[in-house]
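All of the numbers you see were taken from the coordinates with simple rules; none came from a lab. Bear in mind that the values here come from a model prediction, so they are computed numbers and not experimental data. With ideal geometry, Cβ positions are generated from the backbone for all residues, glycine too; neighbour counts draw on all protein chains shown.
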Amino acid sequence: MSLRIVIGENNPDLALTLALLLNAESDMTCVATAASASAVLAAVDEHSPNAFILDMSLDDGPSLPLIQVLRGRLPAAVIVVFTGHKNELLKQHCLQAGADALVVKDGEFEELTVALRLAAGAAAMRVAGGSGPAGNGVSADG
């Protein structure tokens with residue numbers, strides 16, 4: 001499965017770095033970066049992504065409501081939260097909102113790509129099976 005990724009990150013330098021690294025992967029393409037939830041939603045309409053990397057805090061607020069909206073609009077999408085906070089309660093909230101995985105920013109880039117690929121496999125099974133929870137609990141928080 002080739003991933004068309006929107007990065008929701010309000011640090012423009014980090015968003016650009018992630019986009020460059022993802023574009024070097026043979027099965028991943030960053031189609032847009034966005035600093036706010038509203039810009040992420042606009043990118044959905046413009047670029048038809050099938051995956052998202054979301055910081056927990058965007059310019060217009062927390063990402064949990066955005067995760068719920070994305071999961072409702074795109075049930076098969078891969079949603080990975082990329083955060084600086086390593087916290088089990090936060091991870092549970094993200095998974096309950098519909099995220100597939102949580103990756104801590106201080107880890108290796110490979111942790112993010114592994115989480116994306118694992119979540120993509122789970123999303124494919126979710127679509128094929130037609131049921132099951134949105135969040136599969138994939139974690140690369142090391």
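For the residues 108, 9, what sequence is obtained by ranking on other C-beta atoms within 10 Å, fewest first?
In order of increasing Cβ crowding within 10 Å: 108, 9.
How do 73, 117 rank when sorted from fewest to most other Cβ atoms within 10 Å of their own Cβ?
So the residues, fewest neighbours to most, are 73, 117.
D for the chain, whole µm²/s, Stokes-Einstein with Kirkwood Rh over alpha-carbon pairs at 37 °C and 0.692 mPa s: what number?
Rounded to a whole number, D works out at 226 µm²/s.
For a footprinting-style exposure proxy, rank 27, 100, 13 by other Cβ within 10 Å, fewest first.
13, 27, 100
Can you give the calculated 222 nm mean residue ellipticity of the chain, where each DSSP H run of n ≥ 4 adds -39,500 (n - 2.57) and the sum is split over every residue, rounded to the nearest 500 deg cm²/dmol?
Calculated at 222 nm, the ellipticity per residue is -14000 deg cm²/dmol.
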